[in-house]
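The values are calculated or read from the model by the stated rules, or taken from the named source; none is laboratory data. The shown structure was predicted, so the numbers you read here are calculated from the model rather than taken from an experiment. Cβ sites come from the backbone with ideal geometry, for glycine too, and all protein chains shown count toward neighbours.
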């Protein structure tokens with residue numbers, strides 16, 4: 001890159017690509033009754049699509065999606081929010097052929113039908129009922145490693161591509177026989193109510209966060225921009241990329257850094273002695289500072305720059321834990337998807353950032369452009385997420 005050259009990032013969304021070709025019969029669960037059912041039922045006038053796990057025997061006989069006891073509960077929740085099930089909603093099943101034990105193969109075989117139904121109808125709101133529905137849809141828009149399934153229930157995800165709200169919640173099958181069924185039923189009602197308050201699609205236009213990241217290849221240009229933040233006193237989020245987790249390791253180093261200034265200007269740059277000196281000045285100013293897991297940036301700053309970061313005001317990881325104490329919900333990547341609809345942007349470089357043998361990762365093998373795009377996305381999303389968390393806490 002020429003010295004002083006700026007470029008706008010063109011990082012590709014890295015959500016798992018899924019087949020669009022149905023695999024009916026390959027899972028070994030082809031059912032004549034269920035195959036006679038239409039893939040989608042209802043008129044969907046309000047753009048609401050509801051994905052159930054499987055059709056029940058009563059539904060297959062009645063050819064109506066809310067014919068059984070659990071369906072009646074869902075119907076009552078919709079009507080309580082002034083939604084007509086038949087007129088306002090579309091209904092489909094994550095696994096088209098019924099059965100008691102549903103495996104990953106069944107879900108994968110039917111997933112193309114689900115994707116086809118969603119892409120053709122373009123719902124503004126997608127309600128996923130139960131773990132099977134979540135496992136069917138989220139690998140298409142996020143990734144296969146969903147983990148701790150219950151962590152998804154209750155979120156209203158503003159998915160960017162496709163442009164729709166995704167709202168996972170329980171299915172009545174999950175709790176009907178439990179002693180604390182009333183508690184789950186109450187949670188499900190709250191989830192339905194919150195989802196049905198959402199109007200229109202979440203995005204008027206695609207945010208393309210990655211295109212807002214400027215890549216700076218000149219230390220002097222980076223220092224000039226840092227100096228400007230010092231002079232204006234603007235708040236900012238910042239993020240380091242390093243070759244290991246702990247700065248105390250003998251060959252530890254900061255490789256790159258990024259800054260998001262007031263949620264607007266976001267730039268990323270490679271680390272050297274010149275920018276290190278200017279960052280040392282910036283991090284000692286009273287400017288408000290934001291990070292995700294700030295103890296990481298604070299520890300590295302103390303070790304490499306010999307100063308403490310002054311005036312931390314927000315840590316997105318701590319805030320996520322305060323807002324939701326469930327497991328595996330505090331990471332920047334999870335929260336960026338759950339709160340901002342941002343698909344994974346690190347799948348192509350994450351293996352190189354992971355330490356395998358010994359203390360050090362393989363960050364130096366990453367193309368510098370890709371590293372800076374990734375680094376800049378972290379800072380920008382930290383700022384966006386922090387501001388959304390603040391709004392939640394302020395009520």
* Can you find a residue in the range 183-193 that is out of contact with any strand residue (DSSP E or B) (no Cβ under 6 Å at 6 or more places or on another chain), under 18 Å from residue 271 (Cα atoms) and surrounded by fewer than 19 Cβ atoms within 10 Å (Cβ to Cβ)? -> no
* **Cβ pairs under 8 Å, 6+ apart, first in the range 335-349 and outside the structural domain of residue 165 (by TED's automatic domain parsing) and at positive phi, second at pLDDT 95 or above and not in a helix (DSSP H, G or I)** => 341/157; 341/158; 341/159; 341/160; 341/202; 341/203
* **Qualifying residues in the range 67-84 (those that are within 15 Å of residue 195 (Cα to Cα) and in contact (Cβ under 8 Å) with a residue 40 or more places away in the chain) - the one farthest from the chain's Cα centre (by Cα)** => 80
* helices (runs of 4 or more DSSP H) enclosed by the range 303-387 - at least 3 residues per element that are closer than 21 Å to residue 267 by Cβ and either modelled with pLDDT under 95 or under 17 Å from the mean Cα position of the chain (by Cα) (or both) -> 332-340
* Take residue 234 and decide whether it is within 20 Å of the chain's Cα centre (by Cα), in contact (Cβ under 8 Å) with a residue 40 or more places away in the chain, in the same structural domain as residue 267 (by TED's automatic domain parsing) and surrounded by 15 or more Cβ atoms within 10 Å (Cβ to Cβ). => no
* Asked: Would it be correct to say that residue 226 is at pLDDT 95 or above and in the same structural domain as residue 137 (by TED's automatic domain parsing)?
  -> no
* Asked: What residue, among those in the range 265-275 that are surrounded by fewer than 16 Cβ atoms within 10 Å (Cβ to Cβ) and touching a residue at least 24 places away in the same chain (Cβ under 8 Å), is nearest to the chain's Cα centre (by Cα)?
  -> 272
* To do: Grab the strands (runs of 3 or more DSSP E) fully contained in the range 54-165, keeping just those with 1 or more residues being farther than 24 Å from residue 190 by Cβ and at pLDDT below 95.
  => 89-93
